[in-house]
Amino acid sequence: MENILIEKTENIAVVTINRPTKLNALNKATIQELNQAFKQLNEDKNTKAIIVTGSGEKAFVAGADIAEFAHFSVEEGEKLAAEGQALLFDFVQNLETPVIAAVNGFALGGGLELAMACHFRIASDNAKMGLPEVTLGVIPGYGGTQRLTQLVGKGRAMEMIMTAKMIDAQTALNYGLVNNVVNQEELLSFTKDIAVKITKNSSVAIAKAIQSINANFEEGINGYNVEIKNFGNCFGTEDFKEGTTAFLEKRKANFPGK
Ligand code: COA
């Protein structure tokens, strides 16, 4: 991979977007590589949590690569958004393996959209977040109008997108856009500690929980029914047998992940 780094420690993978001279801007090649990386990590049942971050101290991701789309036609613009959403943003949102964004600096445009597609976000205190697309004469195209609205509410999403302003980490915390704010030096270790807690639980149950929570935001889908079905399915898993047996035997569960 040319634009990303993958580091695995035990069952946690850290995916680092590595184009620091371009503030880790998402070009087509990086989106393809991220798709491959998430696919492979998700297939590897030994990977129980994934952390996504940006290379360097300045940026998580400063957006889609503006140089790449500056001359696009209407059709090419629509294709860019559709392919990007399918390959990366929807893909990450619906991944069975938990994905946490460690936002270590600028998360703008496609960068904030990527962070928002992750299952939740932790930010460093120097992080700056925004959707500045209207300054370029375009709108967010990687799900930003939808996910920002879901996460911070309609009024704040309208204001952030119309003004194109960047919000700081503390404001993002107040908005519920990020779950925690920590010093930049502690960001990865703090996020890894959360990931470790996740890896101790049933990965099968977690995958079903992700699917059930996401169902709340899907048009025409009754999330309660998805929850009922997934709840029932858990009873047929080895993880459920192990989890309930371990509880009754007063010991820690050792989930097989099946
Ligand atoms: N796409 C392509 N290149 C980008 C980029 C993006 N989204 N964001 C930054 N870069 C590049 C710059 O062009 C520059 O490259 P160069 O050194 O070859 O000229 C390099 O990254 C460093 O950025 P620079 O603008 O010099 O850093 P800065 O500290 O002065 O400003 C930002 C930082 C984030 C405020 C500024 O880079 C910026 O506004 N980026 C675009 C944000 C944006 O609109 N994103 C939404 C895209 S849809």
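Each reported figure results from applying straightforward, stated rules to the coordinates on display, with no laboratory input. Computed from a prediction, not measured in an experiment: that's the story for all the values here. Every residue, glycine as well, gets a Cβ built from its backbone with ideal geometry; the counts of neighbours run over all protein chains shown.
Within segment 67-79, the presence of at least one residue that is over 23 Å from Arg121 (Cα atoms) and among the basic types (Lys, Arg) is confirmed. Pairs linking a residue in segment 126-137 that is over 10 Å from Ala172 (Cα atoms) to a residue that is in a helix (DSSP H, G or I) and near the ligand (Cβ under 8 Å from one of its atoms), with Cβ atoms under 7 Å and 6 or more positions apart or on different chains, are Leu136/Ile66.
Residues checked against (1) in contact with a His (Cβ under 9 Å, 6 or more places away or on another chain); (2) under 26 Å from Ile206 (Cα atoms):
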{"site": "Ala49", "(1), (2)": "no, yes"}
{"site": "Val52", "(1), (2)": "no, yes"}
{"site": "Phe72", "(1), (2)": "no, no"}
{"site": "Glu75", "(1), (2)": "no, no"}
{"site": "Gln93", "(1), (2)": "yes, yes"}
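Output the residues belonging to segment 3-35 that are away from the ligand (no atom under 16 Å from the Cβ) and more than 16 Å from Cys118 (Cα to Cα). Answer for segment 3-35, where residues must be away from the ligand (no atom under 16 Å from the Cβ) and more than 16 Å from Cys118 (Cα to Cα): Ile4, Leu5, Ile6, Glu7, Lys8, Thr9, Glu10, Asn11, Gln32, Glu33.
Entry remark, segment 54-83: residues being within 15 Å of Glu33 (Cβ to Cβ) and away from the ligand (no atom under 11 Å from the Cβ) number 3 in total. Summed over segment 56-75, residues that are of a type in the set (Gly, Ala, Ser) and crowded, with 20+ Cβ neighbours inside 10 Å total 4.
Could you please tell me which pairs satisfy a Cβ distance under 7 Å, a separation of 6+ or placement on different chains, a first residue in segment 1-14 that is surrounded by fewer than 19 Cβ atoms within 10 Å (Cβ to Cβ), and a second residue that is of a type in the set (Val, Ile, Thr) and assigned to a strand (DSSP E or B)? Every condition considered, the pairs that remain are Leu5/Thr16; Ile6/Val15; Glu7/Val14. If the condition is being within 10 Å of the ligand (Cβ to nearest atom) and either among the hydroxyl-bearing types (Ser, Thr, Tyr) or not in a strand (DSSP E or B) (or both), then segment 84-110 contributes Gly105, Gly109, Gly110.
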